[in-house]
Amino acid sequence: FVRTPPSTHANPETPTAAAPDRPQQSLKKGVKDFKFGEILGEGSYSTVVTATDIVTHREYAIKIVDKRHVIKENKVKYVNIEKDALHRLSHHPGIIRLYFTFQDEYRLYFVLSLASNGELSDYIRKFTEPCAQFYAAQLLDVIDYIHENNIIHRDLKPENILLDENMRIKVIDFGSAKLNVVDTPIKADSEDGASKPDARKSFVGTAEYVSPEVLLDKYVCRASDIWAFGCILYQMFVGRPPFRAANEYQVFQNILHLRYEIPDDVPPSAAELIREILLLDPKERLTINEIREHPFFEGVTFGKPLWEVTPPRLK
Ligand code: ADE
C-alpha cells in the first residue's frame with residue numbers, strides 16, 4: 001500500500017555513480033527493500049504495518065509517519081524525540097528495537113522489531129498472581145533502564161506495552177517522552193529531575209494513567225512513570241485501571257482526590273504495594289529500588305534472568 005512517490009527530484013538516499021568513495025550499493029535501507037503487509041495499528045499521524053525484508057525474509061513492524069500531517073499539527077518535535085529515545089534505549093530486551101529509519105518524499109519510516117502477540121491490554125484481564133508478579137517485574141526493570149538513561153516515558157499504559165513471540169514485554173511509543181532529565185539524587189526535598197512548572201504546558205499522556213503532579217501542571221518527574229506503574233499493577237489484579245469515570249474531567253478529579261478503591265480479593269501484599277505507590281506527593285511514592293524490595297516481589301530475581309525464563313502461563 002506504500003507507493004513510491006512519482007518524484008523527479010533525486011532521492012538523497014539513492015547511491016549515485018558520482019560518489020567515488022561510497023560503495024556502489026548503499027547499505028541504507030529503503031521502501032524497496034520491504035514487502036509491506038497487514039496494518040497492526042493506526043495513530044493520529046502514523047500507521048504501523050508488518051513488513052518483510054525481501055532479502056533476509058526477517059519480519060518487522062514499520063511505523064509510517066505522514067510528514068505533511070506531522071508538520072501541519074506541529075508534532076515534528078515529538079517524532080524526533082521518539083527517534084532519539086529509541087536510538088538510545090533500543091538495546092534493552094524490554095524495549096522495542098529500532099533497526100533502521102529512512103524516508104521518502106511523503107513519509108518517515110521507523111523499522112521496529114515485531115511484537116507478534118499484541119498489546120498487554122488484551123491479556124491483562126486474565127492475569128493470575130504469578131503473571132502479575134512476572135509482568136510487573138519486567139515492567140519495573142524496563143522503567144529502571146529508561147530512567148537510568150535520563151528519560152521519562154510519560155505515557156506508560158497497557159496499550160503501549162506489547163508482547164513478543166516469547167510473551168515478554170516490549171515497551172513502545174516514546175513520542176511523549178522527556179529526554180535529558182537532569183539528575184538530582186536526593187529524594188526528600190528535590191524534584192528528582194523534574195521540569196520547571198510551566199502553566200503553558202499541555203497535558204501529556206493518557207487520562208487514566210496520568211499522575212497528579214502532571215495534571216496540576218507543576219512538573220513531570222521519574223515518579224510520574226512510577227504512578228503509571230502503580231495504575232497498571234492495580235489493573236493486573238482488578239481488570240480495570242484505578243481511576244475511571246464517565247469523562248476525562250471526572251477521571252482527573254478522582255486522581256487529584258486520590259479516589260480509588262482496592263477490592264477485597266486483591267492479595268494483601270499487592271494491595272499494600274499499590275497503596276504505597278499511588279500517593280499524591282511524588283516524593284512519598286516508593287522508588288524503584290524500594291519497589292523491588294517489597295514483599296510482593298519476594299522470590300523474583302530482577303535483571304537479566306527476568307528476560308530468559310519462560311513467562312508464567314495466562315489463565
Ligand atoms: N504496534 C505498534 N508497534 C508495533 C510493533 N513493533 N509490533 C507489533 N505491533 C505494533
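Values in this text are rule-based calculations from the coordinates and carry no lab data. All of these numbers come straight from a predicted model, not from anything done at the bench. Neighbour counts are summed over all protein chains in view; Cβ atoms, including those assigned to glycine, are modelled from backbone coordinates with ideal geometry.
A compact table of results
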{"quantity": "5 angstrom amide H check on Arg168, placed H, neighbours 5+ away", "calculated": "none"}
{"quantity": "Label-to-label distance, nm, for residues given as Lys72 and Glu272 (7 Å Cα→Cβ offset)", "calculated": "5.5 nm"}
{"quantity": "Too-long pairs where the Cα-Cα distance tops 26 Å, listed order kept, from Lys157/Lys304; Lys83/Lys283; Lys75/Lys157", "calculated": "Lys83/Lys283"}
{"quantity": "³J(HN,Hα) computed for each position of the range 291-297 - Karplus, 6.51 cos²θ - 1.76 cosθ + 1.60, integer Hz, glycine/proline x", "calculated": "5, 4, 7, 5, x, 4, 9"}
{"quantity": "Rotationally averaged projected area of the range 203-253 (alpha carbon convex hull; nm²)", "calculated": "3.4 nm²"}
{"quantity": "For Tyr99, distant residues with modelled amide H under 5 Å away", "calculated": "Val111, Leu112, Ser113"}
{"quantity": "For q = 0.15, 0.20, 0.21 Å⁻¹, Debye-computed log10 I/I(0) when each Cα of the range 53-190 counts as one equal scatterer", "calculated": "-0.82, -1.25, -1.32"}
{"quantity": "Spatially proximal aspartates and glutamates relative to Lys178 (Cα-Cα < 12 Å; intrachain offsets below 8 disregarded)", "calculated": "Glu82, Asp84, Asp155, Asp225"}
